[in-house]
Amino acid sequence: MNSSHELTGKVALITGAARNMGRAFAAALAAQGADIVVHYHSNNSAADAEETARLIQDQGQRALLVQGDLAKPQVVEGIFNDILQTFGRVDIVINNAGMVIKKPLIEYSEEDFDRSFAINAKAPFLVMQQAAIHLQEGGRIINIGTSLLAAFTGFYGVYAGSKAPLEDFTRALAKEIGSRGITVNTVAPGPIDTPFFHGEENEQTVAYLKSASVVGRLGQIADIVPMIEFLASEKSRWVTGQTLLINGGFVTR
């Protein structure tokens, strides 16, 4: 990881940071000198969130654990209040929390639909609203979307559909707060070799998705981290309002 410490003095909120990509993003930004706010949703992920916090502290940075359902406005407002009371500022927000349900469109229940859109669309929307209010000048908002927005892969209709609003939220907010030097972008990974991905797949679908990349493998978390490091840094000041597909050629547009 980059050890330049160019984020020294910055504070980053990462939602869904207990494990997988969120934990890796937290560790990467801590390595660059940022203090990290580790969000997790439920008690089931509390131990993992605490491990993420330890990884941050082992790098000499401060970690704040925050818990809650981000689809509730009062929870999001409370989290930002906690951040400001603890650190006095927030500079970087990564909307990483998400959920996936894979099934044919006609089999989705209303509950499936509502949960998917609450976690994948409403929650990041509410976080972006609070970020727009509280971010420091020159801040960064990074939304984690999906390359399925450009793919024709079966049974992911509601997942991709619930992630699709992030593109329009990103473009709109980039225009609205860009005069403050704040950039807003969406990173859209392809299939990444994590428990989050494998929970919905089988041997045949994994083989197909591997074959869809130009080098015949799944993406690794380490393939996504450098883009997050870049977008969190001053180097990305001229990149805003974009959806960046990071997927080894899985799909392009």
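The values are calculated or read from the model by the stated rules, or taken from the named source; none is laboratory data. Remember, it's a predicted structure, so these values are computed and weren't measured experimentally. No Cβ is skipped: glycine too gets one built from the backbone with ideal geometry, and neighbour counts run over all protein chains shown.
Test Val93 against the criterion of being under 16 Å from Leu65 (Cα atoms) and within 18 Å of the chain's Cα centre (by Cα), and give yes or no.
yes
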* Asked: Residues Ala46, Ala31, Ala12, Ala27: which one is of a type in the set (A, V, I, L, M, F, W, C) and surrounded by 23 or more Cβ atoms within 10 Å (Cβ to Cβ)?
  -> Ala12
* Residue match in the range 216-239 (condition: closer than 19 Å to Met99 by Cα, assigned to a helix (DSSP H, G or I) and out of contact with any His (no Cβ under 7 Å at 6 or more places or on another chain)) -> yes
* To do: Could you tell me whether any residue of the range 189-203 is surrounded by fewer than 21 Cβ atoms within 10 Å (Cβ to Cβ), at pLDDT below 95, within 21 Å of Ala28 (Cβ to Cβ) and of a type in the set (Ser, Thr, Tyr)?
  => yes
* Quick one: in the range 138-154, which of the residues that are modelled with pLDDT under 95 and in a loop (DSSP other than H, G, I, E, B) is farthest from Met227 (Cα to Cα)? -> Gly154
* Specify which of the listed residues (Gly60, Gly16) is on the phi > 0 side of the Ramachandran plot and either touching a residue at least 60 places away in the same chain (Cβ under 8 Å) or of a type in the set (Val, Ile, Thr) (or both). => Gly16
* Subset of the range 171-188 (residues that are surrounded by 14 or more Cβ atoms within 10 Å (Cβ to Cβ) and without any contact (Cβ under 8 Å) to a residue 60 or more places away in the chain) -> Leu173, Ile177, Gly181, Ile182, Thr183, Val184, Asn185, Thr186, Val187, Ala188
* Among (1) closer than 28 Å to Glu201 by Cα; (2) of a type in the set (A, V, I, L, M); (3) free of Cβ contacts under 8 Å to residues at least 24 places away in the same chain, the one test that Ala53 misses -> (1)
* To do: Determine, yes or no, whether Ile106 is aliphatic (A, V, I, L, M), closer than 30 Å to Tyr156 by Cβ and free of Cβ contacts under 8 Å to residues at least 24 places away in the same chain.
  => yes
* For Asp168, which of the numbered conditions (1) without any contact (Cβ under 8 Å) to a residue 40 or more places away in the chain; (2) farther than 28 Å from Leu135 by Cα; (3) of a type outside the set (Lys, Arg) fails to hold? -> (2)
* Structure fact -> Note on the range 180-195: residues assigned to a helix (DSSP H, G or I) and more than 27 Å from Gly241 (Cα to Cα) are Pro195
* Looking at (1) in contact with a Phe, Trp or Tyr (Cβ under 9 Å, 6 or more places away or on another chain); (2) of a type in the set (A, V, I, L, M); (3) surrounded by 15 or more Cβ atoms within 10 Å (Cβ to Cβ), find the lone condition where Val214 falls short. => (3)
* Structure fact -> Among helices (runs of 4 or more DSSP H) entirely within the range 49-137, at least 3 residues that are crowded, with 21+ Cβ neighbours inside 10 Å and among the hydrophobic types (A, V, I, L, M, F, W, C) occur in 73-87, 123-134
* Structure fact -> Log entry, pairs with first residue in the range 38-50 being in contact (Cβ under 8 Å) with a residue 24 or more places away in the chain, second being of a type in the set (D, E, K, R), beta carbons closer than 6 Å, six or more apart or on different chains, reads Asp48/Arg19
* Cβ-Cβ under 6 Å pairs, at least 6 apart or on other chains, the range 194-211 side under 25 Å from Asn96 (Cβ atoms), far side of a type in the set (D, E, K, R) and part of a loop (DSSP other than H, G, I, E, B) -> Glu200/Lys102; Lys210/Arg217
